[in-house]
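Worksheet: one structure, shown below.
FYI, it's all coordinate maths here, none of it is from the lab. This one's a predicted model, so the numbers in the text were calculated from it and none came from an experiment. Cβ placement follows ideal geometry from the backbone for every residue including glycine, while neighbour counts extend to all protein chains displayed.
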2 protein chains.
Amino acid sequence: MKSMVKTQHEARAKIIKAMAHPSRLFIIEELNKKERCVNELTDMIGADASTVSKHLSILKNAGLVTDEKRGNSIFYSLRVPCIMEFMGCVEDVLSSTAKQHLEVLKCCRK
Amino acid sequence: MKSMVKTQHEARAKIIKAMAHPSRLFIIEELNKKERCVNELTDMIGADASTVSKHLSILKNAGLVTDEKRGNSIFYSLRVPCIMEFMGCVEDVLSSTAKQHLEVLKCCRK
DNA sequence: GCATTGTGTGGCAATATAGCCAAATAGCCA
DNA sequence: TGGCTATTTGGCTATATTGCCACACAATGC
């Protein structure tokens, strides 16, 4: 693989990897609705505050979210909304896989 | 987080995690152009054949690719083309981050 | 000042991932 | 049959990720 192409894929993979965690997907989805502070997200997710903070820093580091300090809290918001469009495709993968599994079942029952 | 929502995010994360690797992104991109057998991909990537085979099995397990045996080779193809549309969004993240970094530089130089 | 609240950081243990080698399996061709 | 190629699997080590705890640190309110 050519080195330039490889670098490009590494950069992309870093972003996608930042999304590749249930809690972080949840955060992305929530931030797509409205901005949230760490505290709110921590309550919703039900994990340790430090854990959520680290998830947010991973998302921020990947360039997916921005933070803004207001008073005592830090509000995070989604920087690139097009990410949410991708979820539809992910759902397609899931449903198409489920459909295929059903077909296999049908086939074997005959 | 409600359990059903959590399960949904876990399912999605599994698919996204399967994409979150440079070599696997490369494979996805190649398979979007045309089907390929393990051997061809191994040559292109330049890793051990067993490594590439494992990457393919991860992609297959996530429902992203299908395989079809023909003769001595196994040909893989992309199952859900909409994945490629997402790459545009990932590039947006990258360029928007780069742009922001430039702004910061400009700002500090003044 | 002091207690409280909201966030981030360092450290740690458990777990997951990556990639190589060696070996097994399957199909092809003499 | 035997040798060859293509692919997968198991085993191993190195590395990365996750999530908790304890602590640090800033802003707020009293």
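The table below gives the values:
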{"read-out": "Viscosity 0.890 mPa s, temperature 25 °C, Stokes-Einstein D of the stretch B:32-71 from Kirkwood C-alpha radius, µm²/s", "value": "230"}
{"read-out": "For A:Val104, label point 7 Å along C-beta direction: distances to other copies, nm", "value": "4.6"}
{"read-out": "Kirkwood hydrodynamic radius of chain A, Cα pairs, Å", "value": "16.1"}
{"read-out": "For A:Ala49, inter-copy label distances in nm, listed shortest first [label point 7 Å out on the Cα-Cβ vector]", "value": "5.6"}
{"read-out": "Acute angle (nearest 10 degrees) that the helix B:22-33 long axis makes with the longest principal axis of chain B, alpha-carbon atoms", "value": "70"}
{"read-out": "Nm distances between copies for A:Glu85, ranked from closest, using label points 7 Å along Cα→Cβ", "value": "0.7"}
{"read-out": "Amide H contacts under 5 Å for A:Val65, placed H, 5+ residues apart", "value": "A:Lys60, A:Arg79"}
{"read-out": "Filter on A:Lys17/B:Lys54; A:Lys6/B:Lys69; A:Lys99/B:Lys14 - keep pairs with C-alpha separation over 22 Å", "value": "A:Lys6/B:Lys69"}
{"read-out": "Extension reserve of the A:Lys33-A:Arg70 stretch, reckoned as 0.36 nm per residue once the Cα distance is removed", "value": "11.4 nm"}
{"read-out": "5 angstrom amide H check on A:Cys37, placed H, neighbours 5+ away", "value": "A:Tyr76"}
{"read-out": "Average beta carbon contacts from partner chains per residue of A:39-50, 10 Å cutoff", "value": "1"}
{"read-out": "Between 0 and 90°, nearest 10: helix B:82-109 axis offset from chain B longest Cα axis", "value": "30"}
{"read-out": "The stretch B:48-56 - phi-based ³J(HN,Hα) in whole Hz, Karplus 6.51/-1.76/1.60, Gly and Pro as x", "value": "5, 4, 5, 5, 5, 4, 5, 4, 5"}
{"read-out": "Ellipticity estimate at 222 nm from DSSP helix runs (n ≥ 4, -39,500 (n - 2.57)) divided over the protein assembly as shown, nearest 500", "value": "-23500 deg cm²/dmol"}
